[in-house]
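What follows is a single structure, written as structure tokens, with notes after it.
The values are calculated or read from the model by the stated rules, or taken from the named source; none is laboratory data. On a predicted model such as this, the values are computed, not experimentally measured, just so you know. So basically every Cβ, Gly included, is an ideal-geometry build from the backbone, and we count neighbours across all protein chains shown. Keep in mind that these areas ignore ligands, DNA and RNA; they rest on the heavy atoms of the full protein, side chains included. Shrake-Rupley method; radii C 1.70, N 1.55, O 1.52, S 1.80 Å.
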Amino acid sequence: MAAASGSVRLQRCMVSPTGRHSASLIFLHGSGDSGKGLRRWIKLVLNQDLAFQHIKVIYPTAPARPYTPLKGGISNVWFDRFKISNDCPEHLESIDVMCQVLTDLIDDEVKTGIKKNRILVGGFSMGGCMAMHLAYRNHQDVAGVFALSSFLNKTSAVYQALQKRDGVRPELFQCHGTADELVLHSWGEETNSVLKSLGVSTEFHSLPGVYHELSKGELEKLKSWILTKLPGETERHTE
């Protein structure tokens, strides 16, 4: 696994903070997208970048690999799936390799002087699932996790890891469209309730009439949550 991570340095696009950099946000795209594509999409929905005075926003791009739901076609995906369903095994081998690759990305931020508890990880769809594996199985000391239109399989290794471990779990912020036909709203709800039962503090926002997409209201809610988890210098000094 180390060899795999050592040979992969993810392409990334970034939105730099407008002031002093004191926290970082890693935002993972959905299947078949790219870091640049996700940044563009968010900019289109918000009419501006997701940008902060003190937080660097990092949009990495998943490496291209064969993807079983595309009948083995090559796609930019964080891991493989046997099928798009919450009722099948996870492709743990590919998930674990990518956890190591993304750990290198977290380590890069730590090397610049950012503490782990000042780093948030999250994503859209497959990116949110990847972020949950990364945080709850490997980095329980990050500031929090967000998952937009995402789910975990019923027998997820994330659930197994949380059952075996005590200690503080990063808070989870979830949003899911009620009209999502690719990743069902009920899959997201079930993920949230299982994680809550395993001691994770969660927020779950149902988005009426929203499909498998990002919405303006959702991104505004996310931005507010990000600022509660990664406050700027002034907010921290007044707490």
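Largest first, the residues R81, R40 sort by 1.4 Å accessible area into R40, R81. Summary of the geometry: region 9-70 and region 174-198, compared by the centres of their Cα atoms, lie 23 Å apart. Reported to the nearest whole Å, the Cα centre-to-centre distance from region 206-234 to region 72-101 is 26. Here the average projected area of the convex hull drawn through the C-alpha atoms of region 1-137 stands at 8.6 nm².
Largest accessible area first, the listed residues R12, R137 line up as R12, R137 when surface is computed with a 1.4 Å probe on the assembled protein chains. When a 1.4 Å probe is rolled over the protein heavy atoms, the share of accessible surface on the chain that falls to carbon and sulfur comes to 50 percent.
Take the Kirkwood radius over Cα pairs of region 135-239, plug it into Stokes-Einstein at 10 °C and 1.306 mPa s, and you get 108 µm²/s for translational diffusion.
About the centre of its Cα atoms, region 1-128 shows a dipole size close to 500 debye [charges on the beta carbon of Lys, Arg (+1) and Asp, Glu (-1) only; nearest 20 debye]. What lysines could a cross-link reach from K111, if we take a straight Cα to Cα line under 27 Å and drop same-chain neighbours fewer than 8 places away? Result set, ordered by chain and number: K36, K56, K223, K229. Largest GNM mean-square fluctuation among G122, G72, G188, using the chain with Cα springs under 10 Å: G72. Taking F82, F146, F52 in turn, the Gaussian network model of the chain (Cα-Cα springs below 10 Å) assigns the largest fluctuation to F82. Per residue, the solvent-accessible area of the chain (1.4 Å probe, heavy atoms of protein chains only, all protein chains present) comes to 44 Å². Of all DSSP bridge pairs formed entirely within the chain, close to 25 percent run antiparallel.
Rounded to the nearest 20, the size of the Cβ-charge dipole of the chain about its Cα centre is 500 debye, with Lys and Arg at +1 and Asp and Glu at -1. Note on the chain: with a GNM built from Cα contacts shorter than 10 Å, the maximum mean-square fluctuation among A179, A143, A131 falls on A179.
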